[in-house]
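Student: The structure that follows is given in the form of C-alpha cells.
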C-alpha cells in the first residue's frame with residue numbers, strides 16, 4: 001500500500017466519524033418549530049427537509065403536538081457516501097397554549113415542497129363540550145399529505 005493510499009484511507013475514516021457525530025447531534029436536538037394562531041386553528045410548523053410523508057408520525061398528547069421522522073438516505077448511482085452527516089431519526093414537539101380549546105381528531109398534517117411539516121389543529125367553540133388542550137387524550141394524525 002502506498003503512502004498516498006494510507007493518507008486517503010485515514011482521511012475517509014476521519015470524515016465518516018465526523019459525519020456520524022454530526023448526525024447523532026442532529027438526532028439529539030429537537031426539530032425547530034413555530035406555532036401560529038388564527039381565529040379558527042393553530043398551525044404548528046416543523047422543519048423537515050429530505051422527508052417523505054411515509055417517514056412521518058404525528059401525535060397529539062395532552063396539549064403537545066409530537067413529531068417523529070424516520071427518514072432514509074437516497075442512493076445515487078455512481079456516487080459513494082463520504083460523509084454521512086444528516087440525522088435519520090428526528091423528533092420534535094411543542095405545547096399549545098394552556099387555554100387552547102382544540103379538536104385534535106380533526107387535525108391535518110401536510111409535508112410541503114419547502115421542506116416543512118405543517119400541522120393544523122382546529123379550534124373548537126369555547127361552548128362546545130370538550131376539554132382544554134391539556135386535558136385532551138391522545139390522538140394520532142392518521143396520514144401526512146404531500147403538498
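Student: Collect the residues in region 56-73 that are closer than 14 Å to residue 117 by Cα and modelled with pLDDT under 90, keeping them in residue-number order. Please lay out each step first, then the result.
Tutor: Our first condition is that a residue be closer than 14 Å to residue 117 by Cα; within region 56-73, this holds for 56-59, 65-71.
Correct list: 71 only.
Student: Now a separate question. Within the bounds of region 123-143, is there any residue that is at pLDDT 70 or above, touching a helix residue (DSSP H, G or I) at 6+ places or on another chain (Cβ under 7 Å) and assigned by TED's automatic domain parsing to the domain that holds residue 42?
Tutor: First pass over region 123-143, keeping only residues at pLDDT 70 or above: 123-125, 141.
Among the residues that remain, those that are also touching a helix residue (DSSP H, G or I) at 6+ places or on another chain (Cβ under 7 Å) are: none.
No, region 123-143 has no match at all.
Student: Turning to a different aspect of this structure: Can you name every residue in region 46-72 that is assigned to a strand (DSSP E or B), in contact with a helix residue (DSSP H, G or I) (Cβ under 8 Å, 6 or more places away or on another chain) and over 18 Å from residue 122 (Cβ atoms)? Quick ask: steps written out before the conclusion?
Tutor: Restricting attention to region 46-72, the residues satisfying the condition of being assigned to a strand (DSSP E or B) are 46-47, 56-61, 64-70.
Those left that are additionally in contact with a helix residue (DSSP H, G or I) (Cβ under 8 Å, 6 or more places away or on another chain): 60, 69-70.
The answer is 69, 70.
Student: I'd like to check something: does region 83-98 contain any residue that is surrounded by 13 or more Cβ atoms within 10 Å (Cβ to Cβ), over 14 Å from the mean Cα position of the chain (by Cα) and part of a strand (DSSP E or B)?
Tutor: Yes, region 83-98 contains a residue that is surrounded by 13 or more Cβ atoms within 10 Å (Cβ to Cβ), over 14 Å from the mean Cα position of the chain (by Cα) and part of a strand (DSSP E or B).
The values are calculated or read from the model by the stated rules, or taken from the named source; none is laboratory data. Bear in mind the structure is a predicted one, so any value in this text is a computation, not a measurement. As a convention, Cβ positions derive from the backbone with ideal geometry for all residues, glycine included, and neighbour counts pool all protein chains shown.
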